[in-house]
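Beneath this line is the structure, given in structure tokens, with notes to follow.
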Amino acid sequence: MTDENSLSTDSIFETLSNRRRRYTLHYLKQTGKPVSIRDLSEQLAAWENAVEREQVKPKERKRLYTALHQTHLPKMDQLGAVEYDSDRSVIALTETIDQFDIYFDLVAADDIHWSQFYLALGGVATAIVATATLGIQPFASLSGFGYALGVAVLFTAVAGYHTFRDRRRVIGSANTPPETTFSPPEAVATPAGTDTAADAATDALDD
């Protein structure tokens, strides 16, 4: 296991590059305590199949249980992301969990580039104020105070939404796990948001 107080960038990306590992971190931080692999596999199966936990089928839970026990949890324990007691079938977070949060502040597949958005917003506001300064109607009819107030309210509203959206993307902060498109180092070949080859093999055996 790696140093409990620090993870390498490669270890973090290798953990986050797989959906089931991201879900595992999310659920462990959400509960705030060690959980059993049965409990974890049931919740992950519910998220993967977009159903409530009581609607998870035994086969779906077993599939997750097998993949977690044989592949993901031992790997996450080796990387230092979790502590997995295979004898007791209990999983707990390590103190490294906070190191993962910054990596969820990346651009998701359906998200926008916020730096570019703020740049465009500032450009539009500047253009409107410049037009008003030149006396062009109807922009010149509004006072300077009105423009200042409008721009302040607009940026505050957008920044408030941005902050709310970012908080929901932090591991363990929302009911369902955040999803992000990652670009792992070359050494980590697992595509983001997909199961590993081991997952696929496990699913095939269960079928």
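What the phi angles of region 45-55 give under the Karplus curve with 6.51, -1.76 and 1.60, with θ = phi - 60°, is a coupling list of 5, 5, 5, 5, 9, 6, 9, 6, 4, 5, 9 Hz, glycine and proline written as x. Summary of packing: across the peptides 7-17, 151-161, the per-residue average of other C-beta atoms within 10 Å ranks them, highest first, as 7-17, 151-161. A prolate overall shape is assigned to region 50-95, the ratio a/c of its alpha-carbon gyration tensor axes (a ≥ b ≥ c) being 1.5 or greater and a/b exceeding b/c. Taking every protein chain into account, the 1.4 Å probe leaves VAL90 with about 30 Å² of accessible area, to the nearest ten. The residues of region 12-86 have, on average, 42 Å² of accessible surface per residue, using a 1.4 Å probe with all protein chains present. Sorting the segments 75-85, 47-57 by their residues' average number of neighbouring beta-carbon atoms within 10 angstrom, most packed first, yields 75-85, 47-57.
The values are calculated or read from the model by the stated rules, or taken from the named source; none is laboratory data. Remember, predicted model here, so these are calculated numbers, not experimental data. Positions of Cβ are generated from backbone atoms using ideal geometry, with glycine treated the same way; all protein chains shown enter the neighbour counts. Accessible surface is based on the protein model in full, side chains and every heavy atom, while ligands, DNA and RNA are left aside. Shrake-Rupley method; radii C 1.70, N 1.55, O 1.52, S 1.80 Å.
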